[in-house]
Amino acid sequence: MEELAEEAGIPVRTLRFYRERGLISPPRREGRIAWYDDHHLARLRTIAGLLERGHTLTGIADLARTFESGRDVAEVLGLGEPTEETPVRLTPEQLADYFKDDSTPENLATAMELGYLGTDGDEIVHISRRLLEVSAELVREGVPLAEVLASGRRVREHADALADLFVATLRAHSTEAEPPQLRPLARAVVDAELSMALDRRLRRDAKPPQPPA
């Protein structure tokens, strides 16, 4: 314990306090010897980083429990990494930098449930760099992360329905499991239709209210 505290740059009494609060896992024991490893050191450095960013010890403990009970990266990636998306590996401190005060256990648990986040040891893996950056931009624009995630859930439902439509349509006229034109055609159609839908919605919102007849 003394060696770990020295390596982490904290007093032994602080390390004992972290252990009592469940912020770090118990050491591996061999007889009367307790062994700490790089995992414990990484966790202590994470705690220090989150404290510097203004998180409380209670909040950090809640985050730790969320990560430890969440889905690991193998569950999130399923049968393989996304074909066109780039997963991003993050430390808890880096994730906190993306979402600031919205990095709550509740939001992270929702993100894990949706499959946006998984854990790999002391790292967090986001399934898509594009989704991560767009989500962070929406939060910077003032949209609460909880609403971003709720919208993401609804968008996924529609995206799944669109995927079913495009796959069924092209497979009906092709012998290939994934016709090569599937993705570019689907993206082009969805992008064009969404653009026109936004035009219709914004024009409708801009119309002055009609006086009663």
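FYI, it's all coordinate maths here, none of it is from the lab. As the structure is a computational prediction, the values presented were derived from the model and not from experiment. Reconstructed Cβ throughout: ideal geometry from the backbone, glycine too, with neighbour counts over all protein chains shown.
Structure notes:
- Between 0 and 90 degrees, the angle of helix 182-206 with respect to the longest Cα principal axis of the chain falls at about 80 degrees.
- GluC sites (Glu not before Pro), loop per DSSP, at most 15 other Cβ atoms within 10 Å - longest free stretch of the chain: 1-83
- Largest mean-square fluctuation among Ala192, Ala111, Ala64, in a Gaussian network model of the chain whose springs join Cα atoms under 10 Å apart, belongs to Ala192.
- When region 19-138 is described by a simple charge dipole with +1 on each Lys and Arg Cβ and -1 on each Asp and Glu Cβ, the residue from His55, Thr91, Ala109 located farthest towards its positive end is His55.
- Residues Met196 and Arg130, FRET efficiency given R0 of 25 Å [Cβ-Cβ distance, rounded to 0.05]: 0.65
- Were the residues from Glu106 through His158 laid out at 0.36 nm apart, the gain over their Cα-Cα distance would be 16.3 nm.
- With contributions of -39500 (n - 2.57) from each DSSP H run of at least four residues, the per-residue ellipticity at 222 nm computed over the chain stands at -19500 deg cm²/dmol.
- Taking the C-alpha atoms of the chain, convex hull volume expressed per residue in Å³: 173 Å³
- With 0.36 nm allotted per residue and the present C-alpha distance subtracted, the Ile33-His173 stretch has 43.6 nm of extension available.
- Cα-centred dipole magnitude for the chain, charges only on beta-carbon of K, R (+1) and D, E (-1), debye, nearest 20: 620 debye
- Sites Leu90 and Glu20, calculated FRET efficiency, Cβ-Cβ separation with R0 22 Å, nearest 0.05: 0.20
- Sites matching trypsin sites (Lys or Arg not before Pro) across region 79-138 that sit in DSSP coil, with at most 11 neighbouring C-beta atoms within 10 Å: none
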